[in-house]
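Asker: The following block contains the structure, expressed as structure tokens.
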Amino acid sequence: RAGQERFDQIIAEDSRIEPRDWMPEGYRKTLVRQISQHAHSEIIGMQPEANWITRAPSLKRKMILMAKVQDEAGHGLYLYSAAETLGTSRDKMVQDLLDGKAKYSSIFNYPTLTWADVGAIGWLVDGAAIQNQVPLCRASYAPYGRAMVRVCKEESFHQRQGWEILYELSNGTPEQKAMAQDAVNRFYGPALQMFGPPDDDSPNSKQSMAWNIKRHSNDELRQRFVDMIVPQAEALGLTLPDPDLKWNEERGHYDFGELDWDEFMSVIKGNGPCNVQRLQHRREAHENGAWVREAAAAYAEKQARRNQDAADRHLIGA
Amino acid sequence: RAGQERFDQIIAEDSRIEPRDWMPEGYRKTLVRQISQHAHSEIIGMQPEANWITRAPSLKRKMILMAKVQDEAGHGLYLYSAAETLGTSRDKMVQDLLDGKAKYSSIFNYPTLTWADVGAIGWLVDGAAIQNQVPLCRASYAPYGRAMVRVCKEESFHQRQGWEILYELSNGTPEQKAMAQDAVNRFYGPALQMFGPPDDDSPNSKQSMAWNIKRHSNDELRQRFVDMIVPQAEALGLTLPDPDLKWNEERGHYDFGELDWDEFMSVIKGNGPCNVQRLQHRREAHENGAWVREAAAAYAEKQARRNQDAADRHLIGA
Amino acid sequence: DEDVATYALYLGDDALMLAQRLGHWISRAPEMEEDVALANIAQDQLGHARFLLSYAGTAWDKTEDDLAYFRDAPEFRSVRLVEQPNGDFGQTIARQLIFACYQYELFSRLSNSKDETLAAVAAKAFKEVMYHLDHAAQWTLRLGDGTEESHRRMQEGLFYMWPYVEELFQDDDLLRDLSERGIAVLPSSLREAFDQRIAPIIEQATLELPDVRAAFGGNRTGRYSEHRDHILTEMQVLARQFPGAKW
Amino acid sequence: DEDVATYALYLGDDALMLAQRLGHWISRAPEMEEDVALANIAQDQLGHARFLLSYAGTAWDKTEDDLAYFRDAPEFRSVRLVEQPNGDFGQTIARQLIFACYQYELFSRLSNSKDETLAAVAAKAFKEVMYHLDHAAQWTLRLGDGTEESHRRMQEGLFYMWPYVEELFQDDDLLRDLSERGIAVLPSSLREAFDQRIAPIIEQATLELPDVRAAFGGNRTGRYSEHRDHILTEMQVLARQFPGAKW
């Protein structure tokens, strides 16, 4: 009872909850689900871009891409740590992912067919992620907010790098420009869907906002994102594939067309182009690495025993 | 005693020994060693050429190459069968290969660095193999002779195909011609060494000849091979990398320079460019296939049991 | 007739991609007999591919090699199933089983095509595919009803490949038009026969039809698999290094 | 000075090939921490490669990308060790251990080169290689002295890589000349220090120095490995598809 009051007060003051604080079960569960989904998205999200590391068309781009995919692994690690402060182990979360029980951002179920897709992911997908994540730096759960601060810093680099890839392509040969336009055509819709379903269909959002986890509704964030990328697309000289997209003087925002929510729901339910492929890639890495993790554990145990033995010998003066 | 007499008589008449016939232990051992080495050479010999199947530069060449490597697997199978008639199981022979206890032709420890190497292997390596093998069709051990008849028929196609690859390259662009010449430069010496060490250093040859297994000495076969390929090289417009190579009017043969027998012995002893790679490739295929072979055996056993049960039920009128 | 040529590309590209995948097994198979068997099937598929690409090429004055080696990834028309990685032997057999059942139904009908060339290639290919189907079915039984491990792997192989089954039976305008003209076989018309052919094999092998949804995209459009570009990278490298060269 | 440039290619091509091999691990490592660690090492090697290729390029008016993407296999100068396949993690760690011990000795001496550019890159690289060596040594211990399986795999990894050790320490005329001029480090001069560095690690890991002979060939000549062309096929495909394009 006292815990609940204290919790409510912290939320009302827009202060931060720390792991040692009492929190309602629903709050804990919501956070574990959200943070672990976010971590899974970083880890699965490595694959579409890693697909181009060995084929990057210049050494500079290869370097930047390796650093980026590495950052994603790092973000996954921060986020699993943040989620672990809520009492669920990383092993459990990872196992849920491998078992197909946990979700991750459905954008990563689309394939990267050309080099331009690496640019489109940086510009649009990381762009949408930032739009989502910046407000999360102020999430009421402190470890989550702190993790997001680190993540957001790096993501803004990534978005810029993606934009630069597309800029070079768009200002390159006609084939390069076509490649860039094709990538944007394929990633635009799914990127806008990263904010989740329209507000009317997003029942959990309200509670998350009441708990100061979420700060803006899905549609608000989506609007901001559209408003941000339209001028960026113009600067790129690329077209966003939406005939209904136009400036609305009255609203002070861009209007945009209805998204294909049937496709979205169907990808979420498992029939994206790459759902099975992404999970199998992750499972293979996990299974192929099992003997390595076992070796590391066995070695650590032996070392601990050796240290203990040495300490014992010291104690008895041997 | 009677067996030995009968055996000696068959050899003296240049007739054939069949598996049911008595034979001296030395004869049996020599044959098992020779036939299994030959089988291993076919199986390991798949690798250098298989390396180019996925990259063959035309669909026609891809087709021919797949058929050729397939033939090598087939030859391996005939030869293991021939060796099995002497009482050593294929499993045992294969295990000896995997354990590094058995030998195979050292030429397959050289890498195929370019497409032209596929041509050079066909022309020179299969050419040398035929020179070796044609007389083996008359080997005193009948199953070996019969296997060699099948093998030789196919090998002569292979040699011709190799020659054609080099012909196209030699008559192609300057880069293609250079590629062909480079391949011939690398494979010429090792191909001549396929006949084994010079006669003076080949202690086992004499006994094999007495037993009508071998019909010609190493140096005789090597000379025949050189005499055959010199005009073929001329027709190709390629140079054989031997400054001492020239027609000897008196002998009615081509003279040729000393080969690098130090390299030969060192490759045989294990330090060819690809010895470890070739064995690991074979071991990996074997180990990765273990569960498949186990499944096939388990299934066959189940089927046998089911058939037996059905027969039993039939017998008792169920 | 460019429509017929495009249809020949559909079928030819499928066969080419599969031949390329199977070709990689040669020297790596679980038994030496399988090196021979998989090389056989790879050659059959490559044979279909050469015939079909040559036929397609007549419409654009291109050779089989022009089409195989000098188109970029988006210009190919293969389905995603044949582009999937070999994985372990179970995954390869799953792909073989699905594709052989499909080709069996396809070629048995296409041999009645009003296009004589397509009818002829289908009739020839049908005989070969009977063997491919037998090979895949036998291995499905051995792996499914073999050991616990082989059962698990074969089931996983089916699970991995199943999302790409639906694409085999998707129609498009070109296919509808050509099938009305009696030239093409409408893919959707094969689905029932396919299901009836594959289900009993899977059942007899003590396996289950995978409970996994069809992968969105495909349909021989620009939404192909991530694997296609990798396949072509390797397949085309040498030909492209020496453009115009003869081999 | 073309000789110095060629020496820079020797070292740069080694680093480039290794970066390419390590880059393939990213998203496939046995632990997520290792995705990070291997990506780190890959970037360090790629960094060395870029610096060295750029420096080499000044002699021929070429950029790092000209040299990385538009040379054919025979023109590269890498040793075969760095071209060897990743295999399992044990095989990769074996390659890392050998190469890190070699680079440790090399760069510690090359930082005194009379060529200031080479001295500078070596000094920078040396600090990074200390970490690579620590990483490889730690894993060698864990795998060698971990479980029975990991011991076997690590030992097999060393066995697989060991034939290519000798090539690291082979001299040639160019190297002899440059080392007399105080520019290059003579590879043979590093062998003893290498042996003394690697042997105790292998011993402490309860492993054995492999009893396997050096692989003939190599020596940064035309007798390179079968793997090189496969590596380049993938690395160069896109750049070559659009010659002259900027990225």
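The values are calculated or read from the model by the stated rules, or taken from the named source; none is laboratory data. Predicted, not measured: the structure shown is a model, and the values here were computed from it. Here Cβ is always computed from backbone atoms with ideal geometry, including for glycine, and neighbour counts include all displayed protein chains. Note: areas computed on protein heavy atoms with side chains; ligands, DNA, RNA excluded. Shrake-Rupley method; radii C 1.70, N 1.55, O 1.52, S 1.80 Å.
Asker: Determine, yes or no, whether B:ASN132 is in contact with a Pro (Cβ under 6 Å, 6 or more places away or on another chain) and assigned to a helix (DSSP H, G or I).
Answerer: Judged against the criteria, B:ASN132 is not a match.
Asker: Tell me the helices (runs of 4 or more DSSP H) entirely within the stretch A:213-318 that contain at least 3 residues that are in contact with a helix residue (DSSP H, G or I) (Cβ under 8 Å, 6 or more places away or on another chain) and open to solvent by 40 Å² or more (accessible area, probe 1.4 Å).
Answerer: Filter on the stretch A:213-318 gives A:218-236, A:275-288.
Asker: Going by what's in this entry, would C:ALA122 be described as within 14 Å of chain B (Cβ to nearest Cβ) and either free of Cβ contacts under 8 Å to residues at least 40 places away in the same chain or crowded, with 24+ Cβ neighbours inside 10 Å (or both)?
Answerer: Taking the combined requirement at face value, the residue does not satisfy it.
Asker: All but one of (1) under 26 Å from B:CYS274 (Cβ atoms); (2) open to solvent by less than 10 Å² (accessible area, probe 1.4 Å); (3) among the small types (Gly, Ala, Ser) hold for D:ALA5, so report the exception by its number.
Answerer: (1)
Asker: Report, by residue number, each residue of the stretch D:39-55 that is open to solvent by less than 10 Å² (accessible area, probe 1.4 Å) and facing chain A (nearest Cβ under 9 Å).
Answerer: D:ALA39, D:ALA42, D:LEU46, D:ALA49, D:LEU53
This table checks each residue for (1) part of a helix (DSSP H, G or I); (2) in contact (Cβ under 8 Å) with a residue 60 or more places away in the chain; (3) under 25 Å from D:GLY222 (Cβ atoms).
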| site | (1), (2), (3) |
| --- | --- |
| D:ASP3 | yes, yes, yes |
| D:LEU9 | yes, yes, yes |
| D:LEU16 | yes, yes, yes |
| D:ASP35 | yes, no, no |
| D:ASP44 | yes, yes, no |
| D:LEU53 | yes, no, yes |
| D:ALA59 | yes, no, yes |
| D:VAL82 | yes, yes, yes |
| D:GLY90 | yes, yes, no |
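Asker: Check off (1) more than 10 Å from every other protein chain (Cβ to nearest Cβ); (2) surrounded by fewer than 19 Cβ atoms within 10 Å (Cβ to Cβ); (3) of a type in the set (Val, Ile, Thr) for C:ILE202 and give me the number that stays unchecked.
Answerer: (2)
Asker: Can you report the number of residues in the stretch D:12-35 which are open to solvent by 10 Å² or more (accessible area, probe 1.4 Å) and over 18 Å from A:ARG283 (Cα atoms)?
Answerer: 2
Asker: Can you pull out every residue in the stretch A:81-128 that is within 15 Å of the chain's Cα centre (by Cα) and within 14 Å of chain C (Cβ to nearest Cβ)?
Answerer: Hits for the stretch A:81-128 are A:SER106, A:ILE107, A:PHE108, A:ASN109, A:TYR110, A:ILE121.
Asker: Identify, please: which residue in the stretch B:101-113 is in a loop (DSSP other than H, G, I, E, B) and open to solvent by less than 20 Å² (accessible area, probe 1.4 Å) and is, among those, farthest from D:ILE231 (Cα to Cα)?
Answerer: B:TYR110
Asker: Say we look at the stretch B:42-80 and pick out the residues that are small (Gly, Ala, Ser) and out of contact with any Leu (no Cβ under 6 Å at 6 or more places or on another chain); which of these is farthest from the other protein chains (Cβ to nearest Cβ)?
Answerer: Ranking the qualifying residues of the stretch B:42-80, first place goes to B:GLY45.
Asker: Hey, another quick one. Given (1) over 30 Å from B:ALA50 (Cβ atoms); (2) more than 14 Å from every other protein chain (Cβ to nearest Cβ), where does B:LEU259 come up short, assuming only one miss?
Answerer: Failed condition: (1).
Asker: Could you please tell me which pairs satisfy a Cβ distance under 8 Å, a separation of 6+ or placement on different chains, a first residue in the stretch B:58-74 that is open to solvent by 20 Å² or more (accessible area, probe 1.4 Å), and a second residue that is polar (S, T, N, Q)?
Answerer: Correct list of pairs: B:MET63/C:GLN43; B:ILE64/B:GLN161; B:ALA67/C:GLN43; B:GLN70/C:ASN40; B:GLN70/C:GLN43.
Asker: Still on this structure, please answer the following. Looking for whichever is under 23 Å from C:THR117 (Cα atoms) and touching a residue at least 60 places away in the same chain (Cβ under 8 Å) here; the options are C:LEU186, C:LEU168, C:LEU232. Which one fits?
Answerer: Result of the check over C:LEU186, C:LEU168, C:LEU232: C:LEU168.
Asker: Give the stretch B:200-210 a look and list any residue that's open to solvent by 40 Å² or more (accessible area, probe 1.4 Å) and in a loop (DSSP other than H, G, I, E, B), or say none.
Answerer: B:PRO203, B:ASN204, listed by residue number.
Asker: Out of all the residues in the stretch D:71-80, which are within 11 Å of another protein chain (Cβ to nearest Cβ), open to solvent by 40 Å² or more (accessible area, probe 1.4 Å) and in a loop (DSSP other than H, G, I, E, B)?
Answerer: The answer is D:ASP72, and nothing else.
Asker: Next question. Facing chain A (nearest Cβ under 10 Å), surrounded by 21 or more Cβ atoms within 10 Å (Cβ to Cβ) and within 15 Å of the chain's Cα centre (by Cα): does that describe D:ALA68?
Answerer: no
Asker: Out of curiosity, is C:LEU175 touching a residue at least 40 places away in the same chain (Cβ under 8 Å) and under 16 Å from the mean Cα position of the chain (by Cα)?
Answerer: No, not satisfied.
Asker: If you take the residues of the stretch C:140-174 that are among the hydroxyl-bearing types (Ser, Thr, Tyr) and in contact with an Asp or Glu (Cβ under 9 Å, 6 or more places away or on another chain), which of them is farthest from B:GLY289 (Cα to Cα)?
Answerer: By that ranking, first place goes to C:TYR164.
Asker: Let me ask another. Which of the residues spanning the stretch A:217-234 are more than 14 Å from A:VAL184 (Cα to Cα) and among the aliphatic types (A, V, I, L, M)?
Answerer: Hits for the stretch A:217-234 are A:LEU221, A:MET228.
Asker: Exactly one condition in (1) of a type outside the set (D, E, K, R); (2) closer than 14 Å to D:VAL4 by Cβ; (3) in contact with a His (Cβ under 8 Å, 6 or more places away or on another chain) is not met by D:THR206; state its number.
Answerer: (2)
Asker: Sticking with this one: Considering only residues that are open to solvent by less than 30 Å² (accessible area, probe 1.4 Å) and polar (S, T, N, Q), which ones fall in the stretch A:18-39?
Answerer: A:THR30, A:SER36
Asker: Scan C:GLN103, C:GLN155, C:GLN138 and give me the residue that is surrounded by 23 or more Cβ atoms within 10 Å (Cβ to Cβ) and either modelled with pLDDT under 95 or on the phi < 0 side of the Ramachandran plot (or both).
Answerer: Going through C:GLN103, C:GLN155, C:GLN138 in turn, the sole match is C:GLN103.
Asker: May I pose another question? I'd like the full set of residues that are within 11 Å of chain A (Cβ to nearest Cβ) and farther than 24 Å from C:HIS135 by Cβ, limited to the stretch C:222-247.
Answerer: C:GLY222, C:ARG223, C:TYR224, C:SER225, C:GLU226, C:ARG228, C:ASP229, C:HIS230, C:THR233
The rows are residues; the columns are (1) without any contact (Cβ under 8 Å) to a residue 12 or more places away in the chain; (2) of a type in the set (A, V, I, L, M).
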| residue | (1), (2) |
| --- | --- |
| B:GLN95 | yes, no |
| B:LEU98 | no, yes |
| B:ALA120 | no, yes |
| B:GLY127 | no, no |
| B:PRO143 | no, no |
| B:PRO174 | yes, no |
| B:PRO198 | no, no |
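Asker: From the set of residues in the stretch D:193-247 that are more than 20 Å from D:GLN96 (Cα to Cα) and aliphatic (A, V, I, L, M), which is modelled with the lowest pLDDT?
Answerer: Here the answer is D:ALA245.
Asker: To continue, here is another question. Considering each of C:GLU180, C:GLU208, C:GLU149 in turn, give the residue that is at the interface with another protein chain (Cβ under 9 Å from one of its Cβ atoms), free of Cβ contacts under 8 Å to residues at least 60 places away in the same chain and of a type in the set (D, E, K, R).
Answerer: C:GLU149
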